[in-house]
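The values are calculated or read from the model by the stated rules, or taken from the named source; none is laboratory data. Keep in mind it's a predicted model, so treat the numbers as computed, not measured. Note that we place each Cβ from the backbone using ideal geometry, even for glycine, and neighbour counts take in every protein chain shown.
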Amino acid sequence: MKAMAHLPDTIAMKQLVLYHRNEQVLSTNPTDLFFESILKNVRYCIHNKQFLLLDSGLSFDRIIINGTVKQLRILKQSKELYMDDAFCITPSIFFQLYTTHVIEILT
């Protein structure tokens, strides 16, 4: 069996974010929780696959969940979950970024 994590290292993620900011690929952050729509460039990921799984709607307790169908399948099959939260990197209108990670065992 071979275990493989799907999360790039911190330096690679920072470089990718900086690249997209410099290329102006990412949209600007919304300024209030009642922004009407989530732009196409964050609704879909590589190969035009759906990435926005849930947007609870316009409210003060709005929840937005991102991921792919494949990631949901891997999450469902995993026996261990690793969770983390962050406050300092979220846009100011949001309270928290919460992430769930798993290790996929490739056979």
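Given the criteria in a strand (DSSP E or B), at pLDDT 75 or above, of a type outside the set (S, T, N, Q) and within 26 Å of Ile105 (Cα to Cα), does Ile74 qualify?
no
From the set of residues in the range 85-107 that are among the β-branched types (Val, Ile, Thr) and at pLDDT 80 or above, which is surrounded by the fewest Cβ atoms within 10 Å (Cβ to Cβ)?
Within the range 85-107, the match that is surrounded by the fewest Cβ atoms within 10 Å (Cβ to Cβ) is Thr99.
Which residues, counting only those in the range 89-105, are of a type in the set (S, T, N, Q) and in contact with a strand residue (DSSP E or B) (Cβ under 6 Å, 6 or more places away or on another chain)?
Of everything in the range 89-105, those that are of a type in the set (S, T, N, Q) and in contact with a strand residue (DSSP E or B) (Cβ under 6 Å, 6 or more places away or on another chain) turn out to be Thr90, Gln96, Thr99, Thr100.
Look through the range 11-33, keep the residues that are at pLDDT below 70 and among the hydroxyl-bearing types (Ser, Thr, Tyr), and return whichever of them is surrounded by the fewest Cβ atoms within 10 Å (Cβ to Cβ).
Within the range 11-33, the match that is surrounded by the fewest Cβ atoms within 10 Å (Cβ to Cβ) is Thr28.
Restricting the first residue to the range 53-67 and requiring it to be at negative phi, which pairs with a second residue that is part of a strand (DSSP E or B) and exposed (fewer than 11 other Cβ atoms within 10 Å of the Cβ) meet a Cβ separation below 6 Å and a spacing of at least six or different chains?
Taking only residues 6 or more apart or on different chains, the pairs are Ile65/Leu54.
Kindly list, by first and then second residue, each pair from a residue in the range 34-45 that is modelled with pLDDT of 75 or more to a residue that is hydroxyl-bearing (Ser, Thr, Tyr) and surrounded by 12 or more Cβ atoms within 10 Å (Cβ to Cβ), limited to pairs with Cβ atoms under 7 Å and residues at least 6 apart or on different chains.
Matching pairs, first to second residue: Cys45/Thr68.
I'd like the residue in the range 77-107 that is among the charged types (D, E, K, R) and in a loop (DSSP other than H, G, I, E, B) and, out of all such residues, is farthest from Asn29 (Cα to Cα).
Looking at residues that are among the charged types (D, E, K, R) and in a loop (DSSP other than H, G, I, E, B), I get Lys79.
Cβ-Cβ below 7 Å, separation at least six or inter-chain, first residue in the range 79-107 and hydroxyl-bearing (Ser, Thr, Tyr), second loosely packed, with under 13 Cβ neighbours inside 10 Å and at pLDDT below 85: which pairs?
From the range 79-107, the pairs are Thr90/Gln96; Tyr98/Asp85; Thr107/Met1.
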